[in-house]
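As structure tokens, the structure follows; a few thoughts come after it.
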Amino acid sequence: MAAPPPKPPQSILSVTLIFFLHLSLLHARPSPPLYRHPDLDPLLSFKSSSDVSGKLSSWTNSSDPCHRTTGFSGVSCQHNRVTGLVLEGLNLQGRFDSLASLVKLRVLNLKHNRLTGPIPDLSNLTSLKLVFLSYNQISGEFPPALPSLFRLDLSYNNISGKIPVTINRLTSLLTLRLEGNYISGSINFLKLPDLQDFNISMNNISGEIPASLARFPESAFLNNSVLCGLPVRACTLPVIPTPVVSPSPTSLPSTAAVPTKKPGKNHSGSKISTLAIAAIIIGDVMILGLVSLLLYCYFAGESINGKNTMLKPEKSVHPSSTTSSFEKGRMVFFDGTKRFELEDLLRASAEMLGKGGLGTAYKAVLDDGNVVAVKRLKEVAGGGKREFEQQMEVLGRLRHPNVVSLKAYYFAKDEKLLVYEYMTNGNLFWLLHGNRGPGRTPLDWSTRLKIAAGAAKGLAFIHAYATSPKLTHGNIKSTNILLDKSGNACIADVGHSAITSPTAAPRSAGYRAPELSSTNNRKPTQKSDIYSFGVLLMEILTGKCPSMVDNSGVLDLPRWVRSVMREEWTAELFDLELMRYRDIEEEMVALLHIALACTSGVPNQRPTMEHVVKTIHDIAGVEMSPCHDTHDSTSDSI
């Protein structure tokens, strides 16, 4: 048997083990670090220095600020980068320099806080478009360099110094709000061609107002003691200015300073498409049989020259009584020209458009081909003919692109008729809720935003038309938002609540403000109009009717929206038909904030319609989403 090999010495084994251990350490690679969101540190740094009230409790070191369900409150993202920061009224204090590191930021909204210090250098934020820093305690001078902004609001702070000439580089600037600061120097060098919203009041500005700014209202320049030129006063004459009450912090320039068409905007997606019109026509054909039956029930038995009589009194069955009642009244026209006689209206072929608490509406085609809409009032308030005529004189003078014009009226003992221009593209209710099945052409976001803006301008005009007594609408709802041949929103049935008997006044479910309960018979006010308009905005955003039925019974739309927001901010809130469009989340959320403010339970906390108009224009002024070109199956992030 061969002898076993000799064992190596212990020292050799030790050296060998040490050699391989050293070799393994040389080739060992450190474990890769855990992923950390690139925008997390700037956000946490801002929270640690500013959140003295603990309002940003969802901002934690272990969270992803852009996570779809557990992301930071007030933070919006695209492509996993922070693009929006909306932190209004959270008692945030101190400086906000760390936010200048959010390189993909598009919207910075820190209004109504207690932030201090100078404005940090934002010039590297090349994507930044909206900056709202009003109602803080920010000091220092006006920033010398800014990115290419659309909106800049620094009002009601402690900013001093002069406005730099470099601001003229912001050629796309639409809003410049600087009121309520300590800014000095001249503004005669300002050349901002696209500027729509401007206010420099309550500062120390001197010199002459340049001609490029003379188009803005006087309120934009008030309380600058040595500022002269149009629209305040001439610089060549020592005119003592008339004392003017300073505007409140919430006041805004007149809506007349806001152009109806935004420069550089593509409006091709704001018209009703051919398919949408075809869908409406097909729907009309489908219900033609039902309409014919209703017309027969109402108007069968009477005819003039072989056509159905549209205006046969509902309580009368004898032709003689019809003629008798009409002979007691007369047609009154507001445009100065009688385009038809009452007999022409009686001979017109009629189509019933709808029937509500105020009465029945018809489409009437006259013998000469002229088409009008006729409203046959059901009941009229007991004030008498004189009061009715006075109200009609007020309504007949209302002329605005977003208000349906009253052309004429007829008053007799048994018959009251209102004649309006006919709107060819139907109403908002049908466009939102009609035929929500396969083959329907959805109402795109650009069109919805255009309708909201148009309706807001129309209602703001109604509210500002008269001061004593104030004019109200009284029945804002989607069926009263009509669309003309160009797709512009027009408000119908203006002032009908004032001429209708209280027992027949409309009680539109879901739109009625809480102060107008079904039992108290209180008259509508401008504040109740604003509540109804807020419900209308929610209807546009959610695609839901203002009154819904769930397991607990009838639930109105504002309550449903607030309940969803309390539970979780999800896409469930918005209309699924809008999910195909990309990059519209910020616009939808901004419009939702307006709707929430309008539907406040306390009337005095609701904004004015002038403020609503300007806010909607702020939304629409930021690159209108090209809905028809960039739609996808789902939205990036909601």
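Each value in this text was obtained by applying a stated rule to the coordinates, not by laboratory testing. All of these numbers come straight from a predicted model, not from anything done at the bench. As a convention, Cβ positions derive from the backbone with ideal geometry for all residues, glycine included, and neighbour counts pool all protein chains shown.
Brief remarks on what is shown
- In sequence order, calculated HN-Hα J values of region 450-465 (Karplus, 6.51, -1.76, 1.60; Hz; x Gly/Pro): 5, 5, 4, 5, x, 5, 5, 5, x, 5, 4, 5, 4, 5, 8, 5
- Stretchable slack from SER123 to LYS470, in nm (0.36 nm times residue separation minus alpha-carbon distance): 120.2 nm
- Residues whose amide H falls under 5 Å from that of GLY207, counting only those 5 or more places apart or on a different chain, are CYS228, with hydrogens built in the peptide plane.
- Mean projected area in nm² (Cα convex hull; one quarter of hull surface) for region 40-125: 5.1 nm²
- Surrounding net charge for PRO147, when Lys and Arg each add one and Asp and Glu each subtract one, Cβ distance under 13 Å: +4
- Gyration tensor (alpha-carbon) shape descriptor, region 339-493, a/c threshold 1.5: oblate
- Taking θ as phi - 60° and the Karplus parameters 6.51, -1.76 and 1.60, the scalar couplings of region 132-141 work out to 10, 10, 5, 6, 10, 10, 5, 10, x, 8 Hz in sequence order, x denoting glycine and proline.
- Residue-span extension gain [ARG399 to CYS545] - 0.36 nm each, minus C-alpha spacing: 49.6 nm
- If R0 equals 41 Å, the separation of the Cβ atoms of VAL332 and LYS485 corresponds to a calculated FRET efficiency of about 0.95.
- Legend: calculated FRET efficiency, ARG339 to LYS523, from the Cβ-Cβ distance at R0 = 41 Å, rounded to 0.05, equals 0.75.
- Couplings 3J(HN,Hα) for region 207-217, derived from phi with the Karplus relation 6.51 cos²θ - 1.76 cosθ + 1.60 (θ = phi - 60°), are x, 9, 6, x, 4, 5, 9, 5, 6, 7, x Hz, where x marks Gly and Pro.
- The residues packed around GLU393, meaning those with a beta-carbon under 14 Å from its beta-carbon, carry a net charge of +2 if Lys and Arg are +1 and Asp and Glu are -1.
- Of LYS385/LYS470; LYS355/LYS416; LYS385/LYS523; LYS450/LYS523, those spanning more than 24 Å from alpha-carbon to alpha-carbon: LYS450/LYS523
- Net charge contributed by nearby residues that have their C-beta within less than 15 Å of LEU178 (K/R +1, D/E -1): 0
- Relative to the current alpha-carbon distance between LYS162 and TYR182, full extension at 0.36 nm per residue lengthens the span by 6.3 nm.
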